[in-house]
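Any read-out appearing in this document is the output of simple, stated calculations on the displayed coordinates, not a laboratory observation. Predicted model only: the values in this text are computed from it and were never measured. Cβ placement follows ideal geometry from the backbone for every residue including glycine, while neighbour counts extend to all protein chains displayed.
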Amino acid sequence: MTDLTHNEQKSIDYTGAKLGMWLFLFTEILLFGGMFLLYAVYRDVHSADFHEAAKEMSLVFGAVNTVILLTSSLTMALSISAIKNNRRTASMLYQVVTVIFAAAFLVNKFIEWQDHILHGIYPNSPELLAMSHGKILYFGLYYVMTGIHGIHVLIGAAIICGTLILTKQGRITSNDYIKLENTGLFWHLIDIIWIYLFPLFYLIK
Amino acid sequence: MEASFYTTKSKYPGIFGWLFTTDHKRIGLLYLISTLTFFGIGVLLGLTMRLELIRSGTHFISAQTYNAVFTLHGVIMIFFFIIPGIPASLGNFIMPLQLGARDVAFPKINILSWWLFMIGAALAVTSLFTGGGPPDTGWTFYIPYSVRTGTNISLAVFGVFLIGLSSTLTGMNFLTTIHQLRAPGMTWKRLPLFTWSIYATGWIQLLATPVIAITLVLIIVERFLGVGFFDPAKGGDPILFQHMFWIYSHPAVYVMILPAMGVVSDIIPVFARKTIFGYSAIAASSIAIAFVGYLVWGHHMFTSGMSDTARIIFSFLTFLVAVPSGVKVFNWVATMYRGSIKVDAPLLFTLGFIFLFSIGGLTGLVNGTLSTNLHIHGTYFIVAHFHYVIFGGAVFGMFAGLHYWFPKMFGRMYEEHLAKLAFYVLFVGFNLLYFSMFVVGYEGMPRRYYDYLPRFNTPNLISTIGSWILAAGLFILFYNLIHSLIKGEKAPANPWGGATLEWQTSSPPPHENFDQVPEVTQGPYTYR
């Protein structure tokens, strides 16, 4: 804050920045909401098929990914409380760990997808099209919803790399940590969306 | 030129001081120039259609070209012009001034919004010249045709997606600004009604746009991956696409109209020298329209195969959403009653708005009634309806606002006689162009057709001639404004005697809007 002349005093509207971030999060909820709407409608019509198709999912992969994301939310929260207490190195460390967890999640997802694709289950594949309608829709929703979720994990991880740099540069401090806090909010939302995806795809068998 | 936001030194040289500005006033003008340019292109496309339809039979464009023309006309007018429309241009410029603020809450996100808008528009324009050529699905992109057509849907739709992101961020920005940056003493009950309308619109932009975002993404996913969400052969339901599309696109029309109604609510008290009748009712009706507007989307789908129960409910809710609009019209008229009225151009366009919007709104009730809807769905009756409410309503409202705030934005007065002439020519042309469409539509002429039966010849001829008169009116209007930009007489700070905060600073305003942060002690329409 001290690299500004007195004519360029920065006034930080902490409440405003938080409000803006929460409003943006509502838009993300609605974005995913459209896909959850599709899921709700098609599962209602094809409940037996969804139940059958879910048996193809690996509970281990799903559960491991759930633990990874939940823990990454913890490390994200810890990075924020660290910087609030002026522990810059600890905050940076927690952010690094969060990014590592994000990478692990994405690697897991890649392996999981690869497994399905090698078994011939991917959008428009001959094997998939030979299945019942409910199963085609289930796997379509699986790829699209976890895919768009995965893109958000990637974006979130990239943003955390950004806050990592800002923390290192001393532009996120115990007096001004709103950027880190808002990033944390985004990360928690991504986590919560997975918390809904996990039971809806993996636990309905 | 004295110091104003035009002369402020930027850290970027020359034009980049505008392209990378974070000043809401400059951003408002960037949007104004870009949206009006797209409006011009949309008008040309409209004139092209009317020329082809001057008489039955094929004339100078093929059926395929005609499909592309009406698709582009819709996409450009809706997504590139009227949805950003008033909020992005007049809202950006005027709303922070009305709050007594120095800028919006997130100035950098503001300019990012404009860049997203421009990149999205550029991508959509590129789709005209690459791949399979311009989209031909109509602006509604209905499945299955939007998946099967070889035209360049994905690029165009992705461009619209970016524009949607721009709109969402602007909504978020404006909502935070209005919550956080009001000047001392500016309570919610002292907000000008234009700002109230921008507030209500912000909620729609924020919450509705993400639904079209995901819908558009799903079109692209469908074209590339064939997932099958809307394909019956794979278990999907094409009607679900329509639901998702209209869940955004109906609230979108309230994004178009609410700010125009806000402009009207600000103009009438000034030109009637009388405080607004029913301030709280008008503010509340903006919120009510925004809310109920989320519940009526099914009225676009009465013939798509929904159940009777669903259709009855949607019809009832459609009637309900007309009530708060009626409240506004009655309050505006009551404001003018026994006022000291001066019919300058802003008020003239406002009166035009009230008349044309009322016709459009009443015909909306015809559309919303199940029995009559069966008769006029997919006909020119619908085309006439929405042009009356969007063009006669929102765009005339924008013209009213442009003239009203012209002195504030540009520091010059426009020429009054030319402005009035432009209005009258526009008004005549508009009604010839669109009222004829009510007639042929009711008689059964389908919309989006490149040709029609000879029995519809006469009204179509009248309509095409109307389009030329309308174009002449637009030419006079913009000639006047552009000429006045250069040669108009200098404008004082408050040429209309307005009582809202934007008139308490110079015309045009300085970089940070006010020399001192204003203290607000009274409401926005204190006349007598």
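Only residues that are assigned to a loop (DSSP other than H, G, I, E, B) and touching a Phe, Trp or Tyr at 6+ places or on another chain (Cβ under 9 Å) were counted across region A:150-184, and they come to 1.
Scanning region B:257-302 for residues that are under 22 Å from A:Leu31 (Cβ atoms) and within 15 Å of the chain's Cα centre (by Cα) returns a single hit, B:Ala290.
Being outside any loop (DSSP other than H, G, I, E, B) and not aromatic (Phe, Trp, Tyr) is the filter; apply it to region B:492-519 and report the residue that is farthest from the chain's Cα centre (by Cα).
B:Gln504
Answer with yes or no whether A:Leu129 is within 14 Å of another protein chain (Cβ to nearest Cβ), over 16 Å from the mean Cα position of the chain (by Cα) and without any contact (Cβ under 8 Å) to a residue 24 or more places away in the chain. Here the answer is yes, as A:Leu129 does meet what is asked. With the requirement that a residue be within 11 Å of another protein chain (Cβ to nearest Cβ), of a type in the set (A, V, I, L, M) and buried (at least 24 other Cβ atoms within 10 Å of the Cβ), what does region B:192-211 give you? Once the filter is applied, which keeps residues that are within 11 Å of another protein chain (Cβ to nearest Cβ), of a type in the set (A, V, I, L, M) and buried (at least 24 other Cβ atoms within 10 Å of the Cβ), region B:192-211 yields B:Ala208, B:Val211. The set of residues in region A:133-165 that are hydroxyl-bearing (Ser, Thr, Tyr) and more than 21 Å from A:Met35 (Cβ to Cβ) contains only A:Thr163. Picking from residues in region B:67-91 that are farther than 15 Å from B:Leu36 by Cα and among the polar types (S, T, N, Q), the one that is surrounded by the fewest Cβ atoms within 10 Å (Cβ to Cβ) is B:Asn67. For the criterion of being closer than 29 Å to B:Ile239 by Cα, of a type in the set (A, V, I, L, M) and within 14 Å of chain A (Cβ to nearest Cβ), B:Ile109 fails.
Residue-by-condition table, conditions (1) buried (at least 18 other Cβ atoms within 10 Å of the Cβ); (2) within 18 Å of A:Val41 (Cα to Cα):
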{"position": "A:Tyr122", "(1), (2)": "no, no"}
{"position": "A:Ser132", "(1), (2)": "no, yes"}
{"position": "A:Leu141", "(1), (2)": "yes, yes"}
{"position": "A:Asp191", "(1), (2)": "yes, no"}
{"position": "A:Phe201", "(1), (2)": "yes, yes"}
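Among the residues that make up region B:14-29, is at least one of them buried (at least 17 other Cβ atoms within 10 Å of the Cβ) and closer than 30 Å to B:Val383 by Cβ? No: region B:14-29 contains no residue that is buried (at least 17 other Cβ atoms within 10 Å of the Cβ) and closer than 30 Å to B:Val383 by Cβ. Among the residues of region B:94-131, just one is more than 25 Å from B:Pro184 (Cα to Cα), among the aliphatic types (A, V, I, L, M) and assigned to a loop (DSSP other than H, G, I, E, B), namely B:Leu128.
State all residues of region B:87-102 that are aliphatic (A, V, I, L, M) and closer than 15 Å to B:Thr168 by Cα; if no residue qualifies, say none. Break it down stepwise before answering.
Residues of region B:87-102 aliphatic (A, V, I, L, M): B:88, B:90, B:94-95, B:97, B:99, B:101.
B:Ala88 - this is the single residue of region B:87-102 that is aliphatic (A, V, I, L, M) and closer than 15 Å to B:Thr168 by Cα.
When you scan region B:241-257, do you find a residue that is without any contact (Cβ under 8 Å) to a residue 40 or more places away in the chain, part of a helix (DSSP H, G or I) and within 11 Å of another protein chain (Cβ to nearest Cβ), even just one? Yes; the residues of region B:241-257 include at least one that is without any contact (Cβ under 8 Å) to a residue 40 or more places away in the chain, part of a helix (DSSP H, G or I) and within 11 Å of another protein chain (Cβ to nearest Cβ). Meeting the requirement of 3 or more residues that are surrounded by 16 or more Cβ atoms within 10 Å (Cβ to Cβ) and among the aromatic types (Phe, Trp, Tyr), the helices (runs of 4 or more DSSP H) wholly within region A:1-109 are A:14-45. Would you confirm whether or not region B:389-398 contains a residue that is closer than 24 Å to B:Pro84 by Cα, out of contact with any strand residue (DSSP E or B) (no Cβ under 6 Å at 6 or more places or on another chain) and without any contact (Cβ under 8 Å) to a residue 60 or more places away in the chain? Among the residues of region B:389-398, at least one is closer than 24 Å to B:Pro84 by Cα, out of contact with any strand residue (DSSP E or B) (no Cβ under 6 Å at 6 or more places or on another chain) and without any contact (Cβ under 8 Å) to a residue 60 or more places away in the chain, which makes the answer yes. Every listed requirement among (1) in a helix (DSSP H, G or I); (2) within 13 Å of chain B (Cβ to nearest Cβ); (3) free of Cβ contacts under 8 Å to residues at least 12 places away in the same chain; (4) over 17 Å from the mean Cα position of the chain (by Cα) is met by A:Gly147 save one, (4).
Would you say B:Val69 is assigned to a helix (DSSP H, G or I), in contact (Cβ under 8 Å) with a residue 40 or more places away in the chain and among the β-branched types (Val, Ile, Thr)? No, not satisfied. Of the residues making up region B:272-324, those that are surrounded by 15 or more Cβ atoms within 10 Å (Cβ to Cβ), farther than 30 Å from B:Gly497 by Cβ and of a type in the set (A, V, I, L, M) are B:Ala288, B:Ala290, B:Val292, B:Leu295, B:Val296, B:Met301, B:Met306, B:Ile313, B:Leu317, B:Val321, B:Ala322. Note on region B:357-475: enclosed helices (runs of 4 or more DSSP H) holding 3 or more residues that are over 23 Å from B:Gly91 (Cβ atoms), of a type in the set (Gly, Ala, Ser) and in contact with a helix residue (DSSP H, G or I) (Cβ under 9 Å, 6 or more places away or on another chain) are B:416-442. Within region B:223-240, residues that are over 23 Å from B:Asn152 (Cα atoms) and more than 7 Å from chain A (Cβ to nearest Cβ) sit with their Cβ atoms under 9 Å from residues that are surrounded by 19 or more Cβ atoms within 10 Å (Cβ to Cβ) and of a type in the set (Ser, Thr, Tyr), at 6+ positions apart or across chains, in these pairs: B:Asp237/A:Tyr42.
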